[in-house]
Every structure is written in C-alpha cells, then in structure tokens.
Amino acid sequence: MPLSANTVLHYLGRALIIRRLVKDIPNMEWAAWTSLKKGIVCFDRDWNGQNLPELYWGDDHLKMQSIEPASPLGFAKSSGYMVDGGKVIFLMFDKVRKRKGQPERRIFVAGPFNDWAPGTDAKWELETAKIDGKPCYRLAVPVKAVSGGDPVSFKYVTGDGEWLEVPSDAPDAVTDAHGFRNFLFNPGQTGRHRFYFVPPLSLNQSEGRGLYHRKGKDWHSLPVQAGVFLKKLSSDLRLGSWLEDGATIFRLFAPRARSVKVHLSEDAESAGEAITMRLLDGMVWELRLEDNRAGWYYFYSVTGEPSGGFSHFDPEFKVLDPYARAVVGPLGPAIVTRDEDFPKVEQAFQPPSWHDLVIAEAHVRDLTHWAPVAMSEKERLGFSGLRKWVESEDFYLTDLGVNAVELQPIQEFDTVNPVEYGWGYMPVNYFAPASQYGLEPESGSQVDEFRALVEAFHRRGLAVILDVVYNHVGEPNYLQYIDKEYYFLLDGSGRYLNHSGCGNTLDADAPMVRRLMRDSLVHLIERFDVDGFRFDLGELIGVDALHWLELELKQVKPSVVMIAEPWSFRGHISKDLRPTGVASWNDGFRETVCGYLLGKSGPEGMLYHLKGSHPDWTRFPAQTINYTESHDDRCWIDKITENHDHNGSYPTATDRRRTHLMASLLFVSIGVPMINSGLEMLKSKSGVRNTYLRGDLNAVPYERAAQYSGTATYFRQWIAFRQSTVGRHFLCRHSFPSEGYFHAEIEGNVFGVLFNADFSEGSKQLLYAVNPTFEPVEIYWDGVAFDGFVQIADAERFEPVGLDAARIHLHRHCMRIPPLSCGLWLKR
C-alpha cells in the first residue's frame, strides 16, 4: 500500500544517508522507493530551475510516468527545519514529556549561533503552534542569524536543561567529535530539493535498474534503495512449517528475495533435496508438498540482488527458519513439526499478583550443577535435570520461599557445543526451546522437556518468567541472509548500528520484527504456559513496541508479567515506561543501596527508593523491580567486600553484616524484590566481573548455605514476613498510599521510617530503622509515640511474634541504633 508523504519523510534516512561529522558533509543525494510503484529523490541542494528535473529510468533512460515536488513541510518534520521567505523555520513535532505538577516545559534551539547556550532568551524559544491540525513547537529566525552560508548543527533543549534526542531516523543527523548526535541545517537544502517520481516499471520488475538525472549535458545515476518502503511491509500469512490436510507447508517472509529454496531431508546430516518455493503476495514464499514430512529436517537458501551494505544474500548459506518450532542445534537444521505436538494449555497457571511477587533470577545450569539430586550428566545440563531438582523434596527455591523464577534465556542460542556453558543472550531462534538443554535434540525432545519443567515449577507454586532477547541476534545471524535492511538498524553505509554491544540491533519498529516478537511470545504462553517475560536491553525495543506487546499479550494471558531492562548503550527509558503496564529493573535502587551501605551516599536517595521510587520512576508500586544483584557484573558480596580484588569468597564480618542490612532494605521497600540465585548464601564469583562463560563460578554453591546458615535463614525469614498477612498489608501494595502514610526521620546517615503514620489504613503501624555507620546513633521522632511497638527483627534475627531478648529499646520519642544494625517494629 502506498505511504503518505509525511510517513515516508518521517522514516527517511534510516538506511539512506551517510552521517558524518559536520566538518565532513557528504554529497547528500539519494533515491528510495516509497511503494511498489513510486519513489522519492533528494538532491544535494535546492532545485532552482523553473522546470522539473529531468529524471529517467534505467540504462535505457526510460521516461518517468510522473514527477512532482515533495512538500517542504514533510522535510521539516524529519529534519527539524525548513526555509521560507529568508527565514529558518525550526519545527519540532515530538511531544515533550511534562513533569508531574510542573507547568508546560519551554523548548529552545541551541547551536554555535548562540554558543550552544540559549538560556531562557526568548529569541531562541520555540512557541506552541498547530500545523495541519497537529500540535508542534515553532520558531522563525533570519537565515543570517543562524548561518553565514555553511552547514550548521543544532539541537533542541528544554528550559530546565534536558537535551532532546535527535530521532534515529532523522536524515540530516550528524555526529560531532564528542559523539553527540545533532540536527544539521544546510542552507542549500531548504525543503525544495526533493521530488516524487513514478517510474515506468514497478519495484519487482526493476532488478538492476537505477535513477538517472541530467544536468546540462551530464548524466548522473543514483541507485534506488528500498529502505523506506521496505520497512513498512508486512504480511498476516502464517509462517514456518506445519502440516495441513495431509500436506506439508513451508512459508518464509523474504520481501526482496529473487528466489527461495527449501532443502529437505530425512537425515539431519544431509543437505537433502532443494525445492524452489513460489512467491505468494510479493513478500511471502511458499512450498506445499502433498505428503506428510513430519520429523524431517530442513533449511532455506535465499537469493537476492546485492545492494551494497544493505543486503547480505548468499544462496549457498543454510538459513534457519525464524519460525521453526524445534531445531537440532544453533547451526540447524530445523525440524518439521505438527500442530498437535504443541497443544494449547487448557488450564493456565495463575501466577501471584504482581505486587505479591518475590523473584529469584536463575540459570538452568546454575541450578542443576551442584543440585543434590541423582541424575545423569546429560540431564544435569538441561531441562530434564532441573525438573528432577524442582520435583525433589528439598528444592532450593521452594525452601527459600520465593514465588517466581526468572530463567535466563532458554530460546535457541548460539553455543554450538551443547556441553559448553553460556548465558544464552545470543539468540538464533525465538520459537524453539534451546537444543543445548535437550536430551535428544535431533528428535526435538527439548520441547516436551521444557513443557514438563514449567509444569513442575507451577506445581511448586512458582511462576515462570523468561529472560528474552529481542534487541539483537547471535551468530549465525540468519535474519541478515533473509533481509538485512528490513530486520536491522543500519547506518548510511549499511553497517550495523551496534547499540546492543553485541554486533547488531534489531529494528523493533519494522512490522514483521514486531510480529516475530509477538508470535514467539504468544507461542511460549499458549503452548508452554509461561507466565511472563523480562526484556533484555528493553530500551532498544522501545516504549511503543513494549506497550504494544503488553496489550497484545494481555489478550492471551491477562496476568502476564512484563519486565524491561530499561537501558542500553543508547539510553534509558524507565521514566518513559510509567504510562504503560511494563515494570522495569531498578538500577537506581541497586546502586543506591550499595552506595548507602558503603557510606558513599546519604539516606535521602535510599528513602526515595524505599517508598517505591515514586513518582519519577513508577506509576504503580509493582512497576519497580528492586534488586541488588543480577547475573551481570559483579555479584553483591564481591562488590562490597573489604577483601582485596573484590573477592568475597571469604567474606568478613562487616561484609556479612552489610548483606543483612541490604536484605532488610530490599524486602522492606515498596516494589517487587528480586534476588539472584545464591545471593542469600553469600555466593562469590571470586572477583570475576564478567562470567558469561563461567559455569563453574555461576553455579549455585548449595553447601555455602550451611556455611552461612544465619544469612540464608535471615533472607528466608524476611521473604516469609513479606508474604505474610501483616507483611503484605504494609509492603505488597496495589497502589501508592496517602501523602502522610510515611513519616521519616534522619540523623546523619541514619534514618527511620514509620509506615501508616497518618493511620489512613487502620491502627497497625510498621517502624523500620537502619544504621550503616560504625557508631551508635540516636534518632529523635517528632510527634511519634512508641507505645505498643514490638520489635520483630534486627540485623541478625527475625521473629514475627517478637524478639525475646537483646532488643533495641525505644525511649519515648527516641531510639538508639547500634552500629551496622537495623530494627523492625510492629504495632498491632
């Protein structure tokens, strides 16, 4: 379907314009398809001729069916400016997030013309306006006030100093010497340098043809890229392989392919027979065989026209089907499966409410490596061994008391040798459970084994959340052999934008990328009864895509848990997620707890996070996932240990005590607490920071729980209290309380906080205080009487009925907190 001019211009530049430093401006001429039958050309300067440019098609210089100027306003919407009547019209259509309780934010333009410091000078302030009925910010200034004739970079900034990011699809974006992206004002390109054209042949008939334009007697050629049009293509046809009415069907979305073949064999080691597929709708290729090939093995080969860095077609490369439901290994082949092999779950498990969750992050092999259960060595490597451990009487996570497990990636990843350990964050297929964790991957046994594992967790009352990686893919990068430009974010030369740090970044705005995400997640919910997902580097997926996925998945399972890792190498979206129903890992909580207990930061930040990181981070309490350790980076004990080289293998008494204070802060804070498996037994990784290949260091050391039994017990008791009726009343909240609910007192680096201080939720109250210093500190409470409070916990013990000795005494309006201590009191 043809796109509107505004939509086309909004997306231009994603894979067309070379972005360089301002001092090295390229010849910015390019051409692109906007539909199957229409394109747009951009010249490096305004077209000043009275007549339309002379444009022709192909080496034989076929005449265009039509040529017409493109709208300067459309250029401004993507480039941030246009020129009209000798004035630069700065335009910004993106909505600026309003801060709660604050007036509308003021927007200014900054650049070398005002020393990048517009301050609050009204001369550089954009005013609110409406253009074509759409709200925007607008400022008109004389061209001479901005540039003396050379290109000039600029950027928008709020009155309170927040620099507004240049959209990733801005065609005129440039990067300065410091790595900052800015808009570029080019006096030669005012918006009157672009033209639409209709060639005599459509895209599918134009193999090898390009655009020619004549300047005087000279001919200039431009290849016509598919970028803009390509990124909007989508299909609703079923994809993958399946059986239907006795026939076997294969389908692959490959919109720019010239031919696609299925290589089919009864033997996983054989290349098999190559059968050519037919093109259904200009985008999807299909092969229908009138017999049953269930259990056979297959891969695709895709042939396409080279397009510089924007394609990676290779007819000799074995392409794994992105919709394959079972695979032999990361190098393939895929296995032809039947729908009846994936029955829909009849009675779905109902996980705990979000606000009641206590999550343990874990890796399949970290849990099985030292599990004290009889199993074969092969079982210990995967799903079946973990199922045995889950079903055993002494299963670790049940004993700990958590009610949800967040498994590190279990979708097929790129570790070729199944015995080798890997975290799984380099996916090569999103539908297939990892062959590396299966007993007989050639038969697809991992499918039933993973389903049985989820069922075992559910029988234990644990929700299953999966860590999923939709921001990049691993090696082999099969999607690049299907259509590199469609699936990935590329720069102007066709190189991968590596915002993930893993070599490539999927384009979550491309319709079939979104569909791939949705279809595979729905598959995991409907066929395996998975309860939720944690999205790795969720910033690269983006707020819009995450919110769209939330709405799509809740139609399938209303209780589905949605958690984002809200950052990437490109930015952070935690605050932008507030309007959605997506929670996020709270790295602010993580760093604040550590800094506070080590004496590097004060109590104000800790109090903010204890109260639920509201309102900046969260809209509802369960939107913050509070944690102090995850699989990534150093583990907690190595991070805070007094020992040399961050080696917490033998923690000091202070290390252990600080861990207890951390546990109290984690579990008393509003939000969803998450621990990494082994945290409560002071698991150390011997100071090693990145352990993604170190199964020996990541494995849960169960014997250490006996060695540090007091710490392990302390964690269990806090978790039990949090899930008790009293604990849930104060800490596991549907919504944020009244403004006077919390009453806090601070003395130096020590603080205390009273829950339900205004009695807005009955007569019960909870009182918590913590002292991370090495000296006793007294806290005076203004207007708070301690009558009726019973101490139920300190830094070593937790007794819900009350500590029977060695209590921290409360004297009228004063409490004296010992060094490296905490206390919890309950008024019933």
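The values are calculated or read from the model by the stated rules, or taken from the named source; none is laboratory data. This structure is a prediction, so every number in the text was calculated from the model and none was measured. For neighbour counting, all protein chains shown are included, and Cβ atoms are generated from backbone atoms with ideal geometry for every residue, glycine included. Protein only, heavy atoms only, side chains kept; ligands, DNA and RNA dropped before computing areas. Shrake-Rupley method; radii C 1.70, N 1.55, O 1.52, S 1.80 Å.
Miscellaneous remarks
- Helix-only mean residue ellipticity at 222 nm for the chain, each DSSP H run of n ≥ 4 adding -39500 (n - 2.57), per residue, nearest 500: -5500 deg cm²/dmol
- What you get for the chain, charging only the Cβ of Lys and Arg (+1) and of Asp and Glu (-1), is a dipole of about 2260 debye around the Cα centre.
- DSSP beta bridges confined to region 563-695 are antiparallel in about 10 percent of cases.
- Counting charges near Thr580 (Lys, Arg +1; Asp, Glu -1) among other residues having Cβ under 10 Å from its Cβ returns a value of -1.
- The chain - percent of accessible surface contributed by carbon and sulfur, probe 1.4 Å: 49 percent
- Averaged over its residues, region 320-360 has an accessible area of 40 Å² per residue, based on protein heavy atoms and a 1.4 Å probe.
- Evaluated with a Cβ-only charge set (Lys, Arg +1; Asp, Glu -1), region 306-383 carries a dipole of roughly 120 debye about its Cα centre, given to the nearest 20.
- Where labels lie 7 Å past Cα in the beta-carbon direction, separation of Asp218 and Arg459 in nm: 7.8 nm
- As a rough guide to protection, the peptides 308-317, 255-264, 526-535 ranked by mean Cβ packing within 10 Å, highest first, stand as 526-535, 255-264, 308-317.
- Peptides 737-747, 446-456, 374-384 ranked from most to least packed give 446-456, 374-384, 737-747, packing being the mean of other C-beta atoms within 10 angstrom over each peptide's residues.
- Net length gained if the chain between Ser601 and Thr654 were fully extended (0.36 nm per residue, minus Cα distance): 17.3 nm
- Tensor-based shape of region 491-617 (alpha-carbon gyration tensor, a/c under 1.5 rounded, otherwise prolate or oblate): oblate
- Summarising the label geometry, the points placed 7 Å from Cα in the beta-carbon direction at Phe774 and Leu237 lie 7.2 nm from one another.
- Ellipsoid semi-axes for region 748-789, based on the Cα gyration tensor and the rule √(5λ), read 23, 10, 9 Å when sorted largest first.
- In the context of the full set of protein chains, region 685-818 has a per residue accessible area of 47 Å² (1.4 Å probe).
- Options (i) -0.38, -0.86, -1.02, -1.30; (ii) -0.29, -0.76, -0.96, -1.42; (iii) -0.33, -0.81, -0.98, -1.27 - which one matches log10 I(q)/I(0) by the Debye sum over Cα atoms at q = 0.05, 0.08, 0.09, 0.11 Å⁻¹ as calculated here: (iii)
- Peptide packing for 607-617, 267-277 was compared via the average number of neighbouring C-beta atoms within 10 Å per residue; ordered from the highest value, the list is 607-617, 267-277.
- Distance between the modelled labels on Tyr692 and Glu475, one decimal in nanometres: 1.2 nm (7 Å Cα→Cβ projection).
- Shape of region 785-828, Cα gyration tensor, a/c cut at 1.5: oblate
- For region 288-302, 3J(HN,Hα) per residue [Karplus equation, 6.51 cos²θ - 1.76 cosθ + 1.60, θ = phi - 60°, Hz, x = Gly/Pro]: 10, 10, 7, 7, 8, 10, 4, x, 6, 10, 7, 8, 10, 10, 10
- FRET efficiency for the Phe759 to His811 pair, using the beta carbon distance and R₀ = 25 Å, is estimated at 0.65.
- On full extension, the segment bounded by Asp60 and Trp370 gains 104.4 nm, given 0.36 nm per residue less the C-alpha separation.
- Extension gain, Asp84 back to Asn292 (0.36 nm per residue minus Cα-Cα distance, nm): 68.2 nm
- Normalised per residue, the accessible area of region 485-605 is 30 Å², obtained with a 1.4 Å probe and no contribution from ligands, DNA or RNA.
- Principal axis box of region 616-731, alpha-carbon based, largest edge first, Å: 40, 30, 24
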